[in-house]
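The values are calculated or read from the model by the stated rules, or taken from the named source; none is laboratory data. Every value quoted in this text rests on a predicted model; they were computed, and no experiment measured them. Virtual Cβ from ideal backbone geometry, glycine too; neighbours counted across all protein chains shown. Each accessible area value is taken on the protein alone, full model and side chains, heavy atoms only, with ligands, DNA and RNA left out. Shrake-Rupley method; radii C 1.70, N 1.55, O 1.52, S 1.80 Å.
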Amino acid sequence: MNDSKWTWRTVSLVSILATLLLITGFVYAVSDILNPKGEPLLSSLPQETAAPAAAASDEYKILALGDSLAKGTGDNSGQGFVKRTVDALSANGGKAELLGNMGINGLTTAALESKLQEEGVQYALRQANVILISIGGNDLFRGSDILGTGGSSGQVAASAKPSEEAAPQTPEAPANNKVEGVAPVPTASAGELTPESLLSALPGAAKRLGSILDTVAKVNPQAQVYYIGLYNPFGDIEGLLIPGNQAVTAWNNAAMDMINRHQNMTLVPTFDLFDRHLAKYLSNDHFHPNGDGYQRMSERIVQAVR
């Protein structure tokens, strides 16, 4: 009798507890529906979105600026170092796109400095993440009249001989000694040429180069900029080897000093590529590289970019 009594009491207690549990669950479910709780909402949107991982270092958007070397003058294939660089960076699964080649025959630092103020040029600069610049050769060599473009140019041509022929006039050379942004200087014979006479245009041209680099950095501070250093195209002409080498070295050193002030800029040296190899790497005009010369320049640029 007592066992039956305790059995019913136990059953009643379990029933009561089960009922209480069901009521509690029901109340919680209703509360969750009426007052849902999730992750807290951000009070504001992120200020900046991080670059996606897909933006890899081998995705290059290339723009070239400068003179006839940027244009590729002297290369029978028409590629120059710009197209060769794009092709090399595109090889083996790489991604490289040439946005534009703005190389112009005869361009000086003064002319390029002016062009950088154009809206179209600045727009192109902002689209690129790799910018190739070749400038300064026309300032340095034309400013000293080493090419014999002045009225008394016969002095240079007559006394400066690589073998039995006078150095041919470059296609870039004007009919007179007046170059935009470069003051004309007296012509000197090869025996009288000095680094000072060759560097007469350096101070002004170097200042303009600094302005060019500053402008490029201001327009596109994220792009990697590669300035192509100068070589001496007259190193095989009697009387021009030493002063020419010294003048080009001084220019490259001045350019390096300015480039070192910018985190995203690099000077790509070419002097050593052409030194004692002019017959192999220069075109028939004895000033611009040929296809092989541009190829060597391209290889040096690709090495710097990668």
Which helices (runs of 4 or more DSSP H) does the range 202-306 wholly contain that include 3 or more residues that are among the acidic types (D, E), touching a helix residue (DSSP H, G or I) at 6+ places or on another chain (Cβ under 8 Å) and closer than 26 Å to N76 by Cβ?
none
Between a first residue in the range 120-136 that is of a type in the set (S, T, Y) and a second residue that is surrounded by fewer than 24 Cβ atoms within 10 Å (Cβ to Cβ) and in a strand (DSSP E or B), which pairs have beta carbons less than 8 Å apart while being 6 or more apart in sequence or on different chains?
S134/G103
I want to confirm something. Restricting to the range 297-306 and keeping residues that are touching a residue at least 24 places away in the same chain (Cβ under 8 Å) and either buried (at least 20 other Cβ atoms within 10 Å of the Cβ) or not acidic (D, E) (or both), which single residue is nearest to L230 (Cα to Cα)?
M297
Check on S44, modelled with pLDDT of 90 or more and of a type in the set (G, A, S):
no
Out of the residues in the range 222-244 meeting the condition of being open to solvent by 10 Å² or more (accessible area, probe 1.4 Å) and aliphatic (A, V, I, L, M), tell me which one is nearest to F271 (Cα to Cα).
L230
Looking across the range 207-217 at residues that are free of Cβ contacts under 8 Å to residues at least 60 places away in the same chain and over 14 Å from the mean Cα position of the chain (by Cα), the single one that is most open to solvent (accessible area, probe 1.4 Å) is K207
Hey, any hits in the range 78-90 for a residue that's under 21 Å from Y226 (Cα atoms), at pLDDT 95 or above, surrounded by fewer than 18 Cβ atoms within 10 Å (Cβ to Cβ) and of a type in the set (D, E)?
yes
